[in-house]
Amino acid sequence: MLKAENIFAGYGGSNVLKGITIEVPEGSCVALVGANGAGKSTLAKTLCGLLIPEKGRIVFNGRDITGLCASSISRKGLCLCPEGRRVFAPLSVEENLLLGAFPRLPSIGPFRKKASGDLEKIYGMFPILMDRKSQQAGSLSGGEQQMLAIGRVLMAKPRMVILDEPSLGLAPIVLKEVFEAIVGLRRAGTTILLSEQFAKNALAVSDRAYILENGTVVLEGPSSELARDPSVIEAYLG
Amino acid sequence: MNPELLAYAQMAVSGGLMGMAYALVAYGFQLTFAAGKAVNFGQGELVMLGAFIGLTLTGTGLPYWASISGAVAAGAALGWFVEKSAVRLALKQHNEGWILLTIILGLFAVSAAENIWGREDLPYPAPWDDGSIDIFGISVTWPELAVAGGALGVMLLVEIAKRYTMTGIAVQAVSADPDAAELCGIRSDAATSLSWAVSGAAAAFAGTIIAPVTTVGPTMAAALTLKAFSVAVVAGLDSAIGLVLTGIFLGSAENLAGFMLGSGWRETPGLVLLMLALALRPQGIFGKTIIRKV
Amino acid sequence: MSGGINLGIKEKTAEHLARLALFCFLAFLPMIWQSQYALGLLTLMAVYGILLIGLDATVGYLGQVNLAQAALFGLGAYGTALAIQSGLPFSLALLAGVMAALLPGAALALPSLRLDGPQFALSTLSFASLAVIVLNESESITNGALGISVPRPLFFSMELDARRFYWFCLIVLSAVWWASGLLFKSRIGLAIEALRDSPTATDALGIGSLKHKAVAFAWGSSLAGFAGGLHVMNFGYLQPSAFGYDLMVILLLGVVFGGRRNQWGAFTGAAAVTMLPNLLSNRMMFSVFVTLGCLVAFTAPLKALLARRRPAFSESAPAAGMALCFALALFVPNLELWRKGIFALFLFSAVVGLPEGITGALVSEIRNLLRFSPEPLPAATGGISEPAPSDTAPLRTRNISKSFGGVIAVRDISIATEQGEILGLIGPNGSGKTTLINLVTGLYAPDEGSVEISGRRIRQGSLMAASAAGASRTFQNLQPFSSLTALESITVCQRKIDKPAAMALLQIVGLESKARLRCSELSFGDLRFLEIGRALATQPSLLLLDEPAAGMAKPDIARLIELISSIRDYGITILIIEHHQDVITEVCNRVAVMNGGRLIALGTPEEIRRDPLVVEAYLGGEETVPSSGDNHAILSC
């Protein structure tokens, strides 16, 4: 489904990613694991077009998407749920969700009606969002904002989702809910690329994983094997 | 009522009505600032061009509403052009060049207007009669009412569009977080351009409703930009209602200043207010504070 | 630096010679070009030169759009004129002009200096409009719109004719040029450039951004007043409307067109601005000039087209501007009527196409063609200075908390360091480590609790106070002073310039061979080391390093570890946030672990590694992953 070959990317001339190659097969859940600053978020941003790679090629669904802008990539069905949630704080929860479906909603007219079915599905998945649907997104707690961010991505009916650090800054109890949602997504057959600092959690929910260090892939393989590999823990804690 | 007091009240009311026009121009600043943290230092020139274009279209025999629509469309195109030519690149480079560039485009607009329409102030015909209505002894002319009504109407219209259309919500999303909006499939650049076009249209419309009261001339721009800035800064860049209140206040204040101190001092309340607001509360009375990040 | 003809002299010497030649030429010009009109123009050029050198202080060095210079010029002119009317002698009249600009300038500056960008531009613009209104309306003093005429006073009982007055202006210009050059090469000047690039770092390193902004603005305003005084002595007649919006735009044209941050640029701009009106009245010359402009402007887009790529906006826009000028030159019968439009087009093309101005472009050409001997570097002596030993903890926080919009970033943290220890601060992303450092260094004011550095309680939210107490920091997102060299970046942070010591610091952080390079030319890793050097230059007792190894290559990290240990050996206490575990284990005496804004563990690196709470915080707990079997309503794709 997604294939990135030999990606070099970074900010202001210095490359954070130094030749990364990854592949995400259709219907699978692949994890990107690594310490902070290993390049997980940079890779996520590069894949979805927020960052243009210096070198390398990204193919999604058989089409070369290297250098396309983020909105075009999103419209092709590769959607990023960004690090730090990035909900639209001044807008209401429901507006946030509607924005997820922006490309297929009419710009003027009965857009709410057209999206109501999809909204209901999201509300079914995250009942808390239903309760807060007219509240400002900025006033939600961190966990609720993460649910909203995931819900917003799902509203786009993506072919593949990249989840970047969904656990960032969340309390352990909230974390559980977030990972439940990820497991649910996976069971529904959505292709997922999960970038995660908490190695254990990420390895538990994914089929395959790539261990990143200093902008390169140092280890890859089936998650169950990597979870048992002592060198992963070692690489992780240094 | 005491005749002297009545004269003051008369001044305050007609000033306040004109102040709505300042609020409308300032509203244009709000729109573009929300979209990309930039404003057009040549906004007054767009007002002036809008008025001139409206005047020319009326001169060709078009009905009043059609000439105004023409002016508004031209204003939208000009606003769009300003963003494309002066603001976009400079903002991406994170420097202050855009301030200079918008001033420069405004200067060119003045020069072009001087040469196309002449340097004289021209009257602007309006379809309303010149009569006025009397409210408690204060007379209010129809063109003045049109200014207030038109300004409020346009602001209301845009606010409704912002809240109740998908495009409007998307534009708000872009101003909250352009990258996250891109991830939702919204083209941030297009949304920013749209904001500038609407801002330009509002300025041009302001021109067509002010002109019947003030006449049209290439110099009408300079003072107007500063007054609109004054309103925008005092009110802060978040609240539309704040703009209307500040606009009314400033309009009355400058009319009273002109009445009491002499016509040369008319502009001072706006300038003093602007400097005070910047000095004491740069984010505006109705604005929010900003957090520094490293 | 390769190629080019080697002149065998220093660049500074060459510049001095060129300047000397320029002033000799200017001084002799009236001998060959004998006309009153020409003399008037040359004098105006000298006056504008002074004015623009002043404007360059804010628009160039400070990097702020200052729209008040024309008004300050006017105030200076009126100050001098009124002083002459009341019978003051030559020198006092000029002084009155300086004061007339400086005092209102200061009144404007004090509130405005807290602002930047559009807000600064606005406050100066409204000041300018207000000044013109006041000049116009105070009829009893200024005679209003009718204007006033004054004779030129005697210069110490000597009558200055037009030519002598021109020479006098030239002397003043050269003095101002020299003084400005000196000012902007001094520590104050370096600080002004530093604050343009990063006001936060300037404050955090104790250099102080506000006072240096004030100096730049005051210098610019004084020169405006001085130039105003000379202007009224030159013309003998004043009118408020002459100092309005039009003049301001012309002045901006001068500075931008000539080239910012350079006295040559200001002078070139002054010459261009003086000659431009005459250019418009001479159709032939104007056509030649515009054709030349077109040729220059069209080179870049044509080159791009030849290379088969779409010209960038900065290449095509100036060409469009000049083409429009060309069209005006062809079709407009009276160019004077399009004066503003033509200025606007020139200015537009210059701002977009020549961001460094004419002199900027020329200087880089000259540097390609000629090679100069480099300035000798000072020999390194001294180095890291040891803080005075004391009994109090270098850093103590008491129950500090901070939240942003409902999200609590730091909660109730009390921590104390011992002198000469390295305390590591670790924790997952978003656990509040950088916020803690920002609280300690005064970038944020805590919602609750207090911070003490070396026993001194820090005034809330003041970077300068934290720096004065001995705290110094580096930044996770680099805050380089891009326009300074590596050496200058260090010297600007010193309490008193000490180049040998600065060289020694560069040596310690391993950058002595790059001392002359500008920060904009340094690599990411070099800049990280330079930030440490900068922080050391403030002679701190407490050093806060925010992810110094982020983005560094392996060998650099080894060097960093060595550097950090050697800094500790001088008795400097270090608080370090770091994700590279090897840095933490090798250098830290103690490690503090944060999670969710709380301090969850504090101990030796060994203890921390074995702490189950910490392991869980990093790896994620077992129980957070749901077991299979839950059923959720899921969107299908």
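Specify which of the listed residues (C:Gly49, C:Gly54, C:Gly74) is touching a Pro at 6+ places or on another chain (Cβ under 8 Å), more than 14 Å from chain B (Cβ to nearest Cβ) and either at pLDDT 95 or above or more than 16 Å from C:Thr142 (Cβ to Cβ) (or both).
Only one candidate qualifies: C:Gly74.
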Does the stretch A:56-72 include one or more residues that are in contact (Cβ under 8 Å) with a residue 40 or more places away in the chain, within 9 Å of chain B (Cβ to nearest Cβ) and either among the hydrophobic types (A, V, I, L, M, F, W, C) or surrounded by fewer than 23 Cβ atoms within 10 Å (Cβ to Cβ) (or both)? no
Considering only residues that are closer than 15 Å to B:Gly42 by Cβ and basic (Lys, Arg), which ones fall in the stretch B:180-230? B:Lys227
So which residues in the stretch A:105-120 are without any contact (Cβ under 8 Å) to a residue 12 or more places away in the chain and not polar (S, T, N, Q), if there are any at all? A:Leu105, A:Pro106, A:Ile108, A:Gly109, A:Pro110, A:Lys113, A:Lys114, A:Gly117, A:Glu120
Counting only residues that are of a type in the set (Val, Ile, Thr) and farther than 16 Å from A:Asp164 by Cα, which one in the stretch A:185-235 is surrounded by the most Cβ atoms within 10 Å (Cβ to Cβ)? A:Val232
Pairs where the first residue, in the stretch A:79-101, is under 22 Å from A:Thr42 (Cα atoms) and at the interface with another protein chain (Cβ under 7 Å from one of its Cβ atoms) and the second is part of a strand (DSSP E or B) and among the acidic types (Asp, Glu), C-beta under 8 Å, 6+ apart: A:Leu80/A:Asp164; A:Pro82/A:Asp164
Evaluate the following for C:Ala307: is it buried (at least 21 other Cβ atoms within 10 Å of the Cβ) and away from chain B (no Cβ under 12 Å)? no
For the stretch C:132-148, how many residues meet the condition of being assigned to a helix (DSSP H, G or I) and surrounded by 15 or more Cβ atoms within 10 Å (Cβ to Cβ)? 8
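Taking the condition of being of a type outside the set (A, V, I, L, M) and surrounded by fewer than 23 Cβ atoms within 10 Å (Cβ to Cβ), how many residues in the stretch B:1-51 meet it? Step through it out loud before you land on a result.
So the first thing to find is which residues in the stretch B:1-51 are of a type outside the set (A, V, I, L, M), and the list is B:2-4, B:8, B:10, B:14-16, B:19, B:22, B:27-30, B:32-33, B:36-37, B:40-45, B:50.
Narrowing the set further to residues that are surrounded by fewer than 23 Cβ atoms within 10 Å (Cβ to Cβ) leaves B:2-4, B:8, B:10, B:14, B:16, B:33, B:37.
Matching residues across the stretch B:1-51 total 9.
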Name the single residue, out of those in the stretch C:461-498 being touching a Ser or Thr at 6+ places or on another chain (Cβ under 8 Å) and either hydroxyl-bearing (Ser, Thr, Tyr) or farther than 30 Å from C:Lys185 by Cβ (or both), that is nearest to the other protein chains (Cβ to nearest Cβ). C:Gln476
If I ask for residues that are more than 14 Å from A:Lys121 (Cβ to Cβ), charged (D, E, K, R) and over 13 Å from the mean Cα position of the chain (by Cα), which ones from the stretch A:141-167 would you list? A:Glu144
Keeping to the stretch C:516-536, report how many residues are of a type outside the set (Lys, Arg), under 14 Å from C:Phe481 (Cβ atoms) and touching a residue at least 12 places away in the same chain (Cβ under 8 Å). 10
Some residue of the stretch B:251-274 being buried (at least 24 other Cβ atoms within 10 Å of the Cβ), assigned to a helix (DSSP H, G or I), more than 14 Å from chain C (Cβ to nearest Cβ) and not β-branched (Val, Ile, Thr): yes
Among residues of the stretch C:154-201, those that are closer than 17 Å to C:Ala218 by Cα and within 14 Å of another protein chain (Cβ to nearest Cβ), counted: 1
Which one of A:Gln135, A:Gln146 is surrounded by 24 or more Cβ atoms within 10 Å (Cβ to Cβ) and in contact with a helix residue (DSSP H, G or I) (Cβ under 7 Å, 6 or more places away or on another chain)? A:Gln146
Condition test on C:Leu146, is it of a type in the set (A, V, I, L, M) and either more than 23 Å from the chain's Cα centre (by Cα) or more than 10 Å from every other protein chain (Cβ to nearest Cβ) (or both)? yes
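State yes or no: is A:Leu129 closer than 27 Å to A:Leu43 by Cβ and of a type in the set (A, V, I, L, M)?
No.
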Just checking, does the stretch C:206-215 include any residue being hydrophobic (A, V, I, L, M, F, W, C), part of a loop (DSSP other than H, G, I, E, B) and away from every other protein chain (no Cβ under 14 Å)? yes
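For every residue, the table says whether it meets (1) more than 14 Å from chain B (Cβ to nearest Cβ); (2) closer than 19 Å to C:Gly236 by Cα; (3) surrounded by fewer than 19 Cβ atoms within 10 Å (Cβ to Cβ).
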| residue | (1), (2), (3) |
| --- | --- |
| C:Phe90 | yes, yes, no |
| C:Ala101 | yes, yes, no |
| C:Ala106 | no, no, yes |
| C:Leu115 | no, no, yes |
| C:Ser126 | no, no, no |
| C:Arg152 | yes, yes, yes |
Going by the conditions given, is C:Ala121 part of a helix (DSSP H, G or I) and more than 7 Å from chain B (Cβ to nearest Cβ)? no
Could you tell me which residue of the stretch A:179-231 is farthest from A:Ser41 (Cα to Cα), considering only residues that are within 15 Å of the chain's Cα centre (by Cα), among the small types (Gly, Ala, Ser) and modelled with pLDDT of 90 or more? A:Ser206
Would you be able to tell me the number of residues in the stretch A:42-54 that are within 14 Å of chain C (Cβ to nearest Cβ) and either β-branched (Val, Ile, Thr) or crowded, with 24+ Cβ neighbours inside 10 Å (or both)? 1
I'd like to check something: does the stretch A:15-23 contain any residue that is of a type in the set (A, V, I, L, M), surrounded by fewer than 23 Cβ atoms within 10 Å (Cβ to Cβ) and over 21 Å from B:Ile186 (Cβ atoms)? yes
Which count do you get for residues in the stretch C:320-374 that are of a type in the set (A, V, I, L, M, F, W, C), more than 9 Å from chain B (Cβ to nearest Cβ) and in a loop (DSSP other than H, G, I, E, B)? 1
Could you check how many residues of the stretch A:123-152 are in contact (Cβ under 8 Å) with a residue 60 or more places away in the chain and facing another protein chain (nearest Cβ under 8 Å)? 1
Residue count, the stretch B:137-159 (criterion: touching a helix residue (DSSP H, G or I) at 6+ places or on another chain (Cβ under 8 Å) and exposed (fewer than 14 other Cβ atoms within 10 Å of the Cβ)): 2
Hits in the stretch C:566-587 (condition: within 12 Å of chain A (Cβ to nearest Cβ) and over 17 Å from C:Leu439 (Cα atoms)): C:Glu578, C:His579, C:His580, C:Gln581, C:Asp582, C:Val583, C:Ile584, C:Thr585, C:Glu586
Among the strands (runs of 3 or more DSSP E) lying completely within the stretch A:1-83, list those that include at least 2 residues that are farther than 21 Å from A:Arg159 by Cα. A:2-11, A:14-24, A:55-60
Residue among C:Ser149, C:Ser180, C:Ser138 that alone is within 19 Å of C:Gly49 (Cβ to Cβ) and small (Gly, Ala, Ser): C:Ser180
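The values are calculated or read from the model by the stated rules, or taken from the named source; none is laboratory data. Keep in mind that this is a model prediction, so the values were computed, not measured. In this analysis, Cβ positions are derived from the backbone assuming ideal geometry, glycine residues included, and neighbour counts consider all displayed protein chains.
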